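What follows is a short report on a single structure.
The values are calculated or read from the model by the stated rules, or taken from the named source; none is laboratory data. Keep in mind it's a predicted model, so treat the numbers as computed, not measured. All Cβ positions, glycine included, derive from the backbone under ideal geometry; neighbour counts span all protein chains shown. What goes into the accessible areas is simple: the full protein's heavy atoms, side chains included, and nothing from ligands, DNA or RNA. Shrake-Rupley method; radii C 1.70, N 1.55, O 1.52, S 1.80 Å.
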Amino acid sequence: MGSGMVTFLNAVRVFVVNKLLAVFLPPAAFACVGQFMNFMTMGQATSSLALQNGWVSLSAQNKSNLEQLRGVWRGGFRLTTFASIATFALALVLCFTLPLENFFPGIHPRLVQAAIIFALPGVFATNIITITASVMNGLGHYRRWALINMVSSMWQMLWVAFFLYTERLSVLSIVATQSVVAGIFAAQIASRAGFSLNEIRKSALDIRAPWMSYALMGIVPMVLSPVVLTFMRSTIGAELGWDAAGIWQGVWKISDFLTTFFSAILGVIILPKVSANMAKSEFWNMFRPILVKAMALAFVAVSVLYFGRSLLVAVMLSSSYAGAADYMPMQLLGDFFRVGGWALGLVLIARRETKKFLVLEICSQLILASATYAFIKLYEFNGPMMAYALENFLTLMASLVLVCRLEWSKTPSVKSEAK
């Protein structure tokens, strides 16, 4: 029930925020908001070291040993603190040195600089939400995990709606600060479950080694993905115009609506359950039904969205984006493949198969970027959606091969034998 409610509210949040931005903004400005959100994602990745999967897995693996658990938390907290200080200092320098008008055409650079400064506490709050929710997931406190996610989603919707309606902040500053109050709430909920700064300080241990593989597997996609999306958006804007870039942004946001639904479910189910000491048969008995059900559900969702795509665009965006419906089929095909690739990728993350995951992620992003550039030349506006479908199909096939070749324990785990 908790997972279902979180998934539902995450989907509602994506819908409401995208709808409000699409109604209040023309396509070109909508594309600029997408650029800014990509910059924020990169800041979140470098400041948190993208350790959210590590917070889940390491909390789950060490929860039976309180002192060990506190030491793991202390190591993760200190790594995040150092990374945040470096990221925020770099952001302040870059916001006054980068040619911001090239990334945000039509928006005064001073407004962008103000939004970047506002984004610093916003990124910090987002990291608090992500870390606390991940720890609650790892510890098995699913009600608190659900509460943090649900309240955060609701607050972000209300924040964006209020300030867009009252026009008291620029749209970029609204996006930058939407998580601040929710971050304070998340910290309070987590502290009642034993995860707080005071608890972390009690540990004499400072365990950092296990975090490194999670950092590499997290930070590379969290930085590389927005960089590639920024490249794609800029390429579309340069080749086809920024209104076209805004239409593509609308198509991509509809994909986010679908993938948010599946990521919330798969992350909760797969990450805490997969470990290296599982026997091969035990793993496949657990994972195969999850993969089949996820792909079947994805097929149903994609089919419904395909036949109702005109209505979907009208509901999620606005009449200014009506042309997006004609380009949805290839994007939806890519979404279908993405669900399977995501599930298989989570297995690699949980197993800390760092090299395999990084090679897979880097290759997939390079394929997406290069295919987008080539396909725009050949197929114009259909190109980015075709590139997305191709990249996700190849990623799914490669992920399946990698997972099938993983080495597992020769004997069943204690948990399996008890069953």
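Taking only the C-alpha atoms of region 324-387, the Rg (one decimal) and the largest Cα-Cα distance, Dmax (whole number), read 14.1, 40 Å. Reported value for region 1-154: 103 Å³ per residue, from the convex hull of its C-alpha atoms. The modelled label-to-label distance for the pair residue 379/residue 300, using points 7 Å beyond Cα in the direction of Cβ, is 2.9 nm.
For region 261-318, taking the reciprocal of the average inverse distance between every pair of different Cα atoms yields a Kirkwood hydrodynamic radius of 13.7 Å.
Normalised by residue number, the volume inside the convex hull of the Cα atoms of region 140-204 is 94 Å³ per residue.
Taking only alpha carbon atoms, region 244-353 gives an Rg to Rh ratio of 1.09, where Rh is the Kirkwood radius. The longest stretch of the chain left intact once loop-based GluC sites (Glu not before Pro) with at most 14 other Cβ atoms within 10 Å are removed from consideration, loops following DSSP, is 168-406. With a cut-off of 20 Å, note down the residues of region 10-28 whose backbone N falls inside the zone around a label point 7 Å from the Cα of residue 314 toward its beta carbon. It comes to 15-16, 18-25, 27, nothing else.
If R0 equals 41 Å, the separation of the Cβ atoms of residue 231 and residue 273 corresponds to a calculated FRET efficiency of about 0.70.
As a ratio to 2.2 N^0.38 Å, the alpha-carbon radius of gyration for region 181-277 is 1.57. Orientation-averaged projection of region 1-92 equals 8.2 nm² [convex hull of Cα atoms, one quarter of hull surface area]. Applying 1/(1 + (r/R0)^6) with r as the Cβ-Cβ distance of residue 82 and residue 288 and R0 = 45 angstrom yields a FRET efficiency of 0.65.
Shown for the chain: the carbon plus sulfur share of the solvent-accessible area, taken with all protein chains present and a 1.4 angstrom probe, equals 67%.
Note: the chain, Cα convex hull, 133 Å³ per residue. Between 0 and 90 degrees, rounded to the nearest ten: what's the tilt of helix 27-48 against the longest Cα principal axis of the chain? Rounded to the nearest ten degrees, it is 20.
Using the Cβ-Cβ distance between residue 407 and residue 363 with R0 = 30 Å, the FRET efficiency computed as 1/(1 + (r/R0)^6) comes to roughly 0.85. Subtracting the Cα-Cα distance of residue 196 and residue 154 from 0.36 nm times their residue separation leaves 12.8 nm of extension gain. In order along region 74-79, the phi-based Karplus estimate (6.51 cos²θ - 1.76 cosθ + 1.60, θ = phi - 60°) of 3J(HN,Hα) comes to 4, x, x, 5, 5, 4 Hz; Gly and Pro are listed as x. Helix content alone sets the calculated 222 nm mean residue ellipticity of the chain: runs of n ≥ 4 DSSP H residues at -39500 (n - 2.57) each, divided across all residues, give -28000 deg cm²/dmol. In the full protein context, the chain carries 44 Å² of accessible surface per residue, based on a 1.4 Å probe and ignoring ligands, DNA and RNA.
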